[in-house]
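Heads up, the thing below is written out as structure tokens.
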Amino acid sequence: MQISSEKHRRSRIAKMQAEVARVIDRHTQGMADCATPIPALTLFRREAPARPVVCMIEPSIVMVAQGAKRLLVGGEGYAYDAERFLTTSVDLPANSEVIEASTGKPCVGLGLRLDIRLLAELIAQDGDALSSPRSPRSPRTSVGVGSITEALLDPFVRLLALLDEPAAIAVLAPLIQREIHYRLLATDQAARLRQIVAVGSQNHRVARAIDWLKLHYAEPLRIDELAVRVQMSPSSLHHHFKQLTAMSPLQYQKWLRLNEARRLMLSDGTDAATAAFNVGYESPSQFSREYARFFGAPPRRDVEALRPSVGGLASRGAAAARRQHPTSTARAAGSRAT
């Protein structure tokens, strides 16, 4: 009896995923990444396996309806496909790779930026009902892979359907997104999100440190002052920051600086020396060395290699990201998380 019930559950999920894949396939023809009229929702399409590319992923849920991808963070790999979704709870530097895709059967999926304030509101409103016995008690990292459920997938099907009913988006999309956040808090990834939302927790303090760094990445970083700002000791901040992001605060700031410099050169045509100065570097030679170490090529060569494949997408993508989040600086094309 249980086996039969599980088969029916898998069959229903497979049908829903097929519908999601069909809708995304239709909206992403000829594109790799597709913004939508729903501000927090993006779609993606990959028609061949691809090596890891650097990216900055916001607090998000990422779902693959067809194919498979993997996110690499601090030496750990997180694979996700039609049965598993990816979730991140802080802005996270990472590498994203496509591990299963073809022209006939492309890897298609979506990313939905999470609203941390909405998660906090839902937990405060109905925390007991949202508790999940499958949730790990104290997740140490900000990224995890969860199991797709019908309850979580169903509102995504309805959200995607709104792309064909644009007049209804302003009214219905916020309601469906609220339901998605509610359903997500009932999955096996709930504890990870609760740790970020819980005021006073170490993860919440690290998230505050990240928010400060995103706004002040061009300024000199003094760990002692940042630790005081988020009410942690310097050693505790360093430990928990690295645990959550696989980087130290200084490495994280460097990542932000280099990715913003890359965006300036790629999207705005800024020369390397000016871009370096704008993001806080005093030495162009140090900037070039660190840039090559991060991206595998000196600034000019890297940008020249990216520009033909990026075209106008980089400028639009970066501008849209800055509107959606104050300093999602890695949003130039080629640096998308999804």
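Using a 1.4 angstrom probe on the protein heavy atoms only, could you order LYS254, LYS214, LYS15 from most to least accessible area?
Working: LYS254 55, LYS214 5, LYS15 145 Å².
Output order, biggest surface exposure first: LYS15, LYS254, LYS214.
Give, in nm to one decimal, the length gained when the segment between HIS8 and ASP126 is fully stretched (0.36 nm per residue of separation minus the Cα-Cα distance).
Details: separation 118, 0.36 × 118 = 42.48 nm, distance 3.01 nm.
Length difference between fully extended and current span is 39.5 nm.
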Mind giving me the nanometre distance, one decimal, between the label points for GLU282 and ALA35, set 7 Å out from Cα along Cα→Cβ? 3.7
Order the following by accessible area, largest value first: MET265, MET247. Probe radius 1.4 Å; ligands, DNA and RNA are ignored. MET247, MET265
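How would you classify region 15-174 from its alpha-carbon gyration tensor, with a ≥ b ≥ c the square roots of the eigenvalues: rounded for a/c under 1.5, else prolate if a/b is greater than b/c, otherwise oblate?
Working: a/c = 1.68, a/b = 1.11, b/c = 1.51.
It comes out oblate by the Cα gyration axes.
Let me know the shape class of region 1-79, please: from the alpha-carbon gyration tensor, a ≥ b ≥ c as square roots of the eigenvalues, rounded when a/c is under 1.5, otherwise prolate if a/b is greater than b/c, or oblate.
Numbers: a/c = 2.04, a/b = 1.37, b/c = 1.49.
Cα axes put region 1-79 in the oblate bin.
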Region 1-41: radius of gyration over Cα atoms, expressed as a fraction of 2.2 N^0.38 Å: 1.68
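Is region 152-309 rounded, prolate or oblate when judged by the Cα gyration tensor, a ≥ b ≥ c being the square roots of its eigenvalues, rounded requiring a/c under 1.5 and prolate requiring a/b larger than b/c?
Details: a/c = 2.69, a/b = 1.30, b/c = 2.06.
Oblate is the answer for region 152-309, as a/c is 1.5 or above yet b/c matches or exceeds a/b.
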What figure, in Å² to the nearest 10, do you get for the accessible area of ARG301 with a 1.4 Å probe and non-protein molecules left out? 150
Residue span VAL171 to ALA198: 0.36 nm per residue of separation minus Cα-Cα distance leaves a gain in nm of 6.8 nm
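With an 8 Å cut-off on Cα pairs and a minimum separation of 6 or more residues, tell me the relative contact order of the chain in percent.
Numbers: 582 pairs, mean separation 58.6, N = 338.
About 17 percent, as a whole number.
Which order do THR187, THR103, THR36 take by accessible area at a 1.4 Å probe, largest first? Don't jump to the answer; show the numbers that get you there.
Details: THR187 0, THR103 105, THR36 25 Å².
Ranked from most to least accessible, the order is THR103, THR36, THR187.
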Please report the net charge: other residues with Cβ closer than 13 Å to the Cβ of ASP211, K and R +1, D and E -1. +3
Mind jotting down the distance between the C-alpha centroids of region 245-280 and region 1-29, whole Å? 41
If I model a spin label at ASP268 and VAL53 as a point 7 Å from the Cα along the Cα→Cβ vector, what separation in nanometres do I get? 2.2
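For region 242-302, what Kirkwood radius comes out of the mean inverse Cα-Cα distance, in Å?
Values: mean 1/r = 0.0857 Å⁻¹.
Evaluated on region 242-302, it is 11.7 Å.
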Region 229-265 scanned against label point 7 Å out from ARG208 along Cα→C-beta; backbone N under 15 Å for 229-234, 236-238, 241
Per the Cα gyration tensor, the chain corresponds to an equivalent ellipsoid with semi-axes, largest first in Å, of 33, 26, 17
Leaving out same-chain residues fewer than 8 places away, which lysines sit with a Cα under 18 Å from that of LYS105? LYS15, LYS69
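The values are calculated or read from the model by the stated rules, or taken from the named source; none is laboratory data. Keep in mind that what you see is a predicted model, and the values were worked out from it rather than measured. Every residue, glycine as well, gets a Cβ built from its backbone with ideal geometry; the counts of neighbours run over all protein chains shown. Side chains included, ligands, DNA and RNA excluded: accessible areas come from the protein's heavy atoms. Shrake-Rupley method; radii C 1.70, N 1.55, O 1.52, S 1.80 Å.
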